[in-house]
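Only one structure is covered here, and it is reproduced in the block below.
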Amino acid sequence: MNASFLPLVTVVIPAYNAEKTLIDTLESVSNQTYERLEIIVVDDGSQDGTYELATEYRLQDSRVRVLRQENGGVARARNFAIREAAGSYIAPIDADDLWHPCKIELQVQALGNFPEGRAVAYNWYAAIDADDVIFNHSKPVLYKGDVFEIMVLENFIGNGSTPLMPRADVLACGGYDPALRDQKAEGCEDLKLYLALAEKLPFAVVPDFLTGYRFSQGNMSSNAYRMLKSHALVMAEVKTRYPHLAAIASAAEFDTARWYFNRTIASGDQDQVRKLAPMIARRFPLKLAVHATSLLWRTAKRRARRLANRLRRHPTPSARPTTDGTMKIALPENGTSFHDLAEAVAVGRAGWFATPRAGDV
């Protein structure tokens with residue numbers, strides 16, 4: 001890394017009734033190997049001990065600042081912190097998520113390769129449960145440069161706790177949009193900002209699983225009906241501004257609806273299923289019919305293959321080899337703690353992409 005490129009990074013933590021997870025989140029931020037941090041916690045009108053915990057934690061880390069506002073939602077809380085920030089970069093993290101210790105260091109290094117550091121850095125995430133145990137992960141994509149159309153098709157960042165963004169550009173884009181909450185469609189503020197940034201900035205990938213993204217019952221991303229409504233509003237704006245991308249935006253809407261519907265069924269949330277099913281059938285009748293036919297066909301093929309394997313007494317392979325001949329990606333192991341992942345050496349780890357750290361280049 002260029003030794004002169006050591007910008008101040010402002011970490012933004014919106015927190016609403018987050019007393020159960022806030023300290024773990026703060027510790028994962030405090031333990032970053034990149035030390036030029038300003039850490040702003042915004043208590044969004046909590047009714048528990050969130051504010052007191054954040055204020056007390058400040059005694060352990062003087063880089064922490066604690067702000068308060070009346071409950072106005074995550075977008076307003078983040079925007080409040082961004083306006084107050086002294087850093088030239090913004091790194092948001094929700095008050096129940098975790099970071100690998102090398103996360104900010106590797107992202108800053110990635111941005112140092114761009115003129116004036118004007119780009120957005122992202123990494124991959126491991127999905128964690130209420131006990132910090134990994135149960136899934138994001139696709140290890142390598143999108144970089146101009147990613148606007150890709151971002152329309154899929155939010156490959158996938159959460160609000162991953163990007164490192166130039167503050168000036170975030171402000172120029174208007175920050176996070178609180179109007180979605182006002183329309184009872186909170187949830188896709190992250191995607192809307194990423195799209196706005198992708199219109200004007202290149203994106204850089206740090207190829208490692210550096211974010212622990214928590215899925216828990218009751219958090220914003222678990223409300224599938226509201227998330228789909230939010231996504232539809234964001235895509236409607238894309239279609240209006242970019243008519244030539246309307247087909248891509250419509251495909252993204254269906255793919256997103258299908259993902260949330262499958263996830264809702266898997267979770268056994270019957271209330272969400274009853275709300276989503278008629279909504280999806282009404283909005284995507286033809287695509288839903290095609291998808292259902294395809295799903296039935298694939299299911300039948302899998303059953304036939306399993307039966308044939310049993311008759312031949314040959315086991316069905318659990319996985320196919322995944323290599324392109326030049327590199328291998330070791331995926332986070334389900335059932336392990338994200339803290340174990342964080343304690344491992346992220347750089348040069350066998351089976352992972354080797355990303356040089358500061359001092360190694």
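Any read-out appearing in this document is the output of simple, stated calculations on the displayed coordinates, not a laboratory observation. Here the structure is a predicted model, which means the values were calculated and not measured. Using ideal geometry, Cβ is built from the backbone for each residue, glycine included, and neighbour counts are taken over all protein chains shown.
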What net charge is computed for the residues neighbouring Lys200, neighbours being all others with C-beta under 11 Å from the C-beta of Lys200, Lys and Arg scored +1, Asp and Glu -1? -2
Simple spin-label estimate for Arg83 and Asn31 in nanometres, 7 Å along Cα-Cβ: 3.5
How charged is the neighbourhood of Ala266? Take every other residue with its Cβ under 14 Å from the Cβ of Ala266, and add Lys/Arg as +1 and Asp/Glu as -1. 0
Once a ≥ b ≥ c are taken as the square roots of the eigenvalues of the Cα gyration tensor of the range 1-115, is the result rounded (a/c under 1.5), prolate (a/b larger than b/c) or oblate (a/b not larger than b/c)? prolate
Neighbours of Leu153 by Cβ distance under 12 Å: Lys/Arg at +1, Asp/Glu at -1, summed charge -4
Using a/c under 1.5 as the rounded threshold, could you call the range 164-264 rounded, prolate or oblate? The axes a ≥ b ≥ c are square roots of the C-alpha gyration tensor eigenvalues, and prolate needs a/b larger than b/c, oblate otherwise. rounded
Past 24 Å, Cα to Cα: identify those pairs from Lys192/Lys229; Lys144/Lys229; Lys103/Lys239; Lys184/Lys275; Lys184/Lys239; Lys144/Lys192, in the order given. Lys144/Lys229; Lys103/Lys239
Three-way shape label, the range 82-218, alpha-carbon gyration tensor, a/c 1.5: rounded
Would you give the gap between the C-alpha center of the range 78-108 and the C-alpha center of the range 188-266, rounded to a whole Å? 20
For Arg241 paired with Asp340, estimate the spin-label separation in nm (one decimal), with each label point 7 Å from Cα along the Cα-to-Cβ line. 4.3
